[in-house]
Amino acid sequence: MIFAKAQELAKTGESFVSVTLLAVTGSAPQIPGAKCVVSERGLEAGTVGGGKLEAAAIEEAQKILRERKQVAPQILKWNLQKDIGMTCGGVAELLFEHFSVKCWPIAIFGAGHVSQALTRALAKLQCQVTVVDDRQQWLDKLDNVNVFKTSDAKEAVSYFNEDTFFISMTKGHATDVPFLAEIYRQFPNAPYVGAIGSKTKSIVVKNDLRKLDVSQDFIERLHIPIGLSLGNNTPEEIAISIVAQLLQIRDSY
């Protein structure tokens, strides 16, 4: 179960920490070799003893994950009474191994023709693509991407994090604006926020965002029209221009 959970987290592009109880001196709530897996959400599988020891191990593991960079394996020796506050007086040695999944998260709002072409163009790159739409028939056409069926902007945006590249290509500016405004509310410093559309649509969208108290700085950083100025207006060539821009922004960070 522990290894299955670790594989599941890696497959979905989520970093985690494996904690192993290496040695015990005196009294401790588990035997050497006990193991657990911790993600940013908390304990995912296994146990190193429960109670205060496990709580401290989870806290340490999540501290490692918050570093947002690869951390070398480390062994910590804790006096269970002095360091953890347990009544038993044993000493525990724990190994913390950080499995950092280097993944480029991309969120696409809308599963229409250009979105379909864009997911195909991104398929060979090392990225994790999630497409959000409320139309099941369009989501069913997608392959090798995560899908999230909803029309609720707040619910959809909260599914992601501040490192996500956000792309809005919904049915029109009226449905793009709620997603863009919600991205601003939750992740105003996201590395990339773009929306498909013409220069005329750009003016309308930006004016609507101002009415929703979206900051001028965010509006100026908004990529609309999305993509580099190349190719024609077929979904496939628009997709290539978008991927080129995404790579350009990604590599500038």
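Structure summary
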item	result
Number of the exception - Val101 against (1) part of a strand (DSSP E or B); (2) modelled with pLDDT under 90; (3) not aromatic (Phe, Trp, Tyr)	(1)
Matching entry among Ile64, Ile75, Ile58 (being under 16 Å from Val91 (Cα atoms) and touching a strand residue (DSSP E or B) at 6+ places or on another chain (Cβ under 7 Å))	Ile75
Count - residues of the stretch 64-76 that are open to solvent by 50 Å² or more (accessible area, probe 1.4 Å) and either basic (Lys, Arg) or part of a strand (DSSP E or B) (or both)	5
Qualifying residue in the stretch 77-88 (condition: under 30 Å from Val129 (Cβ atoms) and open to solvent by less than 20 Å² (accessible area, probe 1.4 Å))	no
Odd one out for Ile242, checked against (1) surrounded by 15 or more Cβ atoms within 10 Å (Cβ to Cβ); (2) part of a loop (DSSP other than H, G, I, E, B)	(2)
Filtered residue count, the stretch 135-149, keeping only those that are loosely packed, with under 13 Cβ neighbours inside 10 Å, among the polar types (S, T, N, Q) and outside any helix (DSSP H, G or I)	1
Where Ala123 falls short, out of the listed (1) open to solvent by 60 Å² or more (accessible area, probe 1.4 Å); (2) free of Cβ contacts under 8 Å to residues at least 60 places away in the same chain; (3) over 22 Å from Thr12 (Cα atoms)	(3)
Tabulated pairs, the stretch 202-221, first exposed (fewer than 15 other Cβ atoms within 10 Å of the Cβ), second not in a helix (DSSP H, G or I), C-beta under 8 angstrom, 6+ apart or interchain	Ser215/Pro188
Identity of the residue in the stretch 78-93, of a type outside the set (Gly, Ala, Ser) and out of contact with any strand residue (DSSP E or B) (no Cβ under 8 Å at 6 or more places or on another chain), that ends up modelled with the lowest pLDDT	Cys88
The stretch 150-163: number of residues that are in contact with a helix residue (DSSP H, G or I) (Cβ under 6 Å, 6 or more places away or on another chain) and among the charged types (D, E, K, R)	1
Test: residue in the stretch 37-50 that is over 20 Å from the mean Cα position of the chain (by Cα) and surrounded by fewer than 17 Cβ atoms within 10 Å (Cβ to Cβ)	yes
Residue tally, condition in contact with a strand residue (DSSP E or B) (Cβ under 7 Å, 6 or more places away or on another chain) and at pLDDT 90 or above, over the stretch 150-159	2
Any helices (runs of 4 or more DSSP H) falling wholly within the stretch 167-239 and containing at least 1 residues that are touching a strand residue (DSSP E or B) at 6+ places or on another chain (Cβ under 9 Å) and at pLDDT 95 or above	173-186, 216-221
Residues of the stretch 179-190 classified as farther than 14 Å from Ile226 by Cα, open to solvent by less than 60 Å² (accessible area, probe 1.4 Å) and either in contact with a His (Cβ under 6 Å, 6 or more places away or on another chain) or of a type outside the set (Ser, Thr, Tyr) (or both), total	8
Odd one out for Glu8 among (1) surrounded by fewer than 20 Cβ atoms within 10 Å (Cβ to Cβ); (2) touching a residue at least 12 places away in the same chain (Cβ under 8 Å)	(2)
Lone qualifier among Ala111, Ala117 - being assigned to a helix (DSSP H, G or I), in contact with a helix residue (DSSP H, G or I) (Cβ under 8 Å, 6 or more places away or on another chain) and either closer than 30 Å to Val24 by Cβ or open to solvent by less than 20 Å² (accessible area, probe 1.4 Å) (or both)	Ala117
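The values are calculated or read from the model by the stated rules, or taken from the named source; none is laboratory data. The structure presented is a predicted model; accordingly, all values stated were derived computationally and were not measured. Cβ coordinates were reconstructed from backbone atoms using ideal geometry, including for glycine residues, and neighbour counts include every protein chain displayed. Quick note on the areas: whole protein, heavy atoms, side chains included, nothing else; ligands and nucleic acids left out. Shrake-Rupley method; radii C 1.70, N 1.55, O 1.52, S 1.80 Å.
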